[in-house]
Every structure is written in structure tokens, then in C-alpha cells.
Amino acid sequence: MIIVPLGVASATPTATRHLSSVALWREGSVYLFDCGENAQMRMLQAGLKRSQIECIFISHFDTDHYSGLIGLLSTLQLQRREKKLTIVGPVGIKKFVEWNFDFANVDLSYPLEFVEVEEDFEEQRVLDEEEIFVEARPLNHSKFCMGFRFQEKDRPGKVDADKAQAKGITEDWQYKDLKAGKDVELEDGTIVKSVDIVGHPRPGDSFAYITDTRYCPNSVKLAMNTNVLFHEATFSESLADKAEETGHSTAKDAARVANEAKTKLLVISHFSARYTNQYVLLREARDDFFPTWVATELRPIFTDPAHEKGIIQPKVYLKEINTGTSKNDYKKRSNNITDKKKRFRKRKKHTDSKPTRGYRKTSRSSESKSYSGRSYRSDRHNDDNNNSNQRKPKPITPRTPFDDFDRF
Ligand SMILES: [Zn+2]
């Protein structure tokens, strides 16, 4: 499975972080955990198809965790989706969605199935499919909030083909039966036992999504022996009081859950806007649990990198959001431009009026920025001049024929 953080901010978006949402891709299906504002755009940028969403899990009713839901459902309607979509959330999620579409007088083209979870539950299997299931447990936040564990069911063990042949197994159905755990009777009456031919079942991968909670035993239960634990780390240890007061975790709380649950990889997210550098939080978590990563928007996390790398191709340059002014970026950009003179934009000619002092000042500062780093101003002027020397952003490729919005 591939886990793609779509938004890693807590409470409010910032210039570089979007609201909470994580996509999980598995065998061509996408499962969305929370759906903050912008989740659907971030999916596009991540290279994920919105039409592949099978199920959306809403952890709780803090607006930043579900504010993108109606927009996303509307897009699926415009894409003429017909496939069923399941929405899991606290009781009230059905009313919320249906009221919105009633209000707008929209009849959805696809069926919605709601799984509403009552507040006083202990543990519930909220989704059960042939190969996976999802379990929910209540967490400890200032309001009702639940965490999720996405679990692949154990896969049957491998059939030892040489052994099977030696015992007289020749037909496909015989192999299938053996794999399914059934013993097979040969024509001469010999019984070939499944346990002799098939190896041990292979354990499935697992992922836990735990956000908006103080440390609690249910987090540990959900995260037990997971491949990836995605846990909030809103505050650093110095603000532990604030975390307790607001019902959130510190980076050390996340590490504690990871340690107790013996997870393989901890990914921290849901950062307070006060941490412009989230590596402060990473350092604190790593002190207690070393295999910790910082969730970076659109950067995929693989449970099986050898087979999964390249399946999801982001449609945007991931670097632009966090960097752009580092020395390395400057060098790269300079190397792309062979003629050094071309690095300077020609001064724009103003025929109708004399530029004011104020304009000149702006113009100069934007020129100096145009090769030392991207800025809003330099982009704007470059657009005006249609300057072909500047690197153009990679366009987002339409993912389905229905993403061509000219149609509507
Ligand atoms: Zn939150």
C-alpha cells in the first residue's frame, strides 16, 4: 500500500500546509482518511485519481477534518460517477451530506453508503471487504473522535509446486483447493493434505491513522504491530500543557504510542502553525522512537518500495512548496540556463506613462528575485512578459476523460 499525506496542518492552513487528509492507495483503490479543504486538489497533484476513491473515513467533526468533503463529492458527481462510495464517520455525517445536496437541489448520480459510528462504542469493524478491513476505536479528544486501523487480511501461503507434483497434483482446481486450505483426494483415493503443500499464511500490511487525541490506550491498540503509524504531533514537549488542554499529542506522545505498539514506522503530522520548521518535532520524536518520519505533503510512503515505487507520480514539483531559495536550487536553475545574459529579464517598456518611483522600486526587486528564488512578484511579472526563459510549471494531466472541465 502507498500512503500519501495530502494535508499536514492542524486547525488552519498555512502558506505551505493544507488541512488534514491522507490518501491510502492499494491495488488501484483509494481510501481517504479525513477530507480537509483542498484534499481533492492535492489528490490531483499527488497523481491520484479521485474516481478511484472507495471509502472516506471522517475521524471527527472539527471543520478542518471534513471541510473538503462536499466539494469532493460534487466533483465525483460532475465526473458522472456511478460506483458506490462509502462514507464512515460519527453519527450525523449522513445528515450533514444529505442536507448539503438537498440545499443545492442536487441528486447525486452515485449511491452513497453511510457507516455512522455511535459515541459510546468500544471497537467496530467499519469496513469489511474481501482483502482488507478497517477497524475504528474512540480516541481522547475534546470532542468525539475516532482512530482507524486499515488492515490487509492475511494472504494464503505459497504453494510448493515441486512437492505438489511429486504427490500427484496436476489440475488447476486441485492447486486452488489446496491454497484455500482444503485437502484434495486423488483418483486412487490418496489424500493430499493442504498443510503439507502450502506454506504459512503471509501477514497483510497495516496502517493506523490516529489524529486529534491525547495519549490513550486505544491508540496503542489500533497501532499494534502496524507497518505504518500515522500519528498527530501537534505540539512539542515544551507545550505539553497546551496539548493536554486542547486534546492533542506532543511529538513524544506519538513516539510513546509507536514504542508501545511496536510499529515499524512512525509518521508524524498535524503540525501546529507555530512550527514553521517541523524538524523540531521530528527530533523530539526520534529521541524516543528512531524510525520516525515527518509527513510531507504529496510525498508517498511505501510499505513495499521495491514493487510500489513509480506507481504514483506526483504532477507537481514537490520542492517548490518548501524550498526554492536554497543554494542547490539556485545552482540547478543556473545550470539550466546556458546563456547567462538570458537570466536577466528585459526591462518592460512603458510607452503610455512614465513609471513612478514606487513602480521602479518594485520592478528592481522583482528582477533580483527572478533568479535567486521564486516569489509571487517575480512570477507575476514573468507571466506578464511571457518570458520563455522561465521554467514553466508542469501542467496537471487530466486523469480521466471526465476531468476535462470544458465539458460542463
Ligand atoms: Zn485537527
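Ranked by the mean number of other Cβ atoms within 10 Å of their residues, highest first, the peptides 265-272, 38-45, 100-107 fall in the order 265-272, 38-45, 100-107.
The order of Cys216, Cys35, going from fewest to most other C-beta atoms within 10 Å of their C-beta, is Cys216, Cys35. When Ile197, Ile312, Ile132 are sorted by how many other C-beta atoms sit within 10 angstrom of their C-beta, beginning with the fewest, the order is Ile312, Ile132, Ile197. Computed from phi, the 3J(HN,Hα) profile of the range 298-305 under the Karplus parametrisation 6.51, -1.76, 1.60 (θ = phi - 60°) reads 6, 8, x, 10, 9, 8, 9, x Hz, with x in place of Gly and Pro. Most tightly packed first, judged by the mean number of other beta-carbon atoms within 10 Å of their residues, the peptides 3-10, 50-57, 77-84 read 3-10, 50-57, 77-84.
Listed values for the range 84-98 are Karplus-derived 3J(HN,Hα) couplings in whole Hz (6.51 cos²θ - 1.76 cosθ + 1.60, θ = phi - 60°), namely 4, 10, 9, 10, 10, x, x, 3, x, 5, 5, 4, 4, 5, 5, and x replaces Gly and Pro.
Couplings 3J(HN,Hα) of the range 49-65, computed from phi: 8, 5, 5, 8, 5, 9, 8, 10, 10, 9, 6, 6, 9, 8, 3, 5, 9 Hz, in residue order, whole Hz [Karplus 6.51 cos²θ - 1.76 cosθ + 1.60, θ = phi - 60°; x for Gly and Pro].
Extension gain, Ser109 to Asp188: 0.36 nm times the residue separation minus the Cα-Cα distance gives 22.7 nm. Annotation: amide H of Val88 within the under-5 Å range of Ile56, Phe57, Ile58, Val115, sequence separation 5 or more or interchain, hydrogens built in the peptide plane.
Residue ranges 174-180, 187-193, 62-68 sort as 62-68, 174-180, 187-193 when ordered by packing (mean number of other C-beta atoms within 10 Å per residue, highest first).
Bear in mind that the values in this text are calculations on the coordinates, not laboratory data. None of these values were measured; they are calculated from a predicted model. For neighbour counting, all protein chains shown are included, and Cβ atoms are generated from backbone atoms with ideal geometry for every residue, glycine included.
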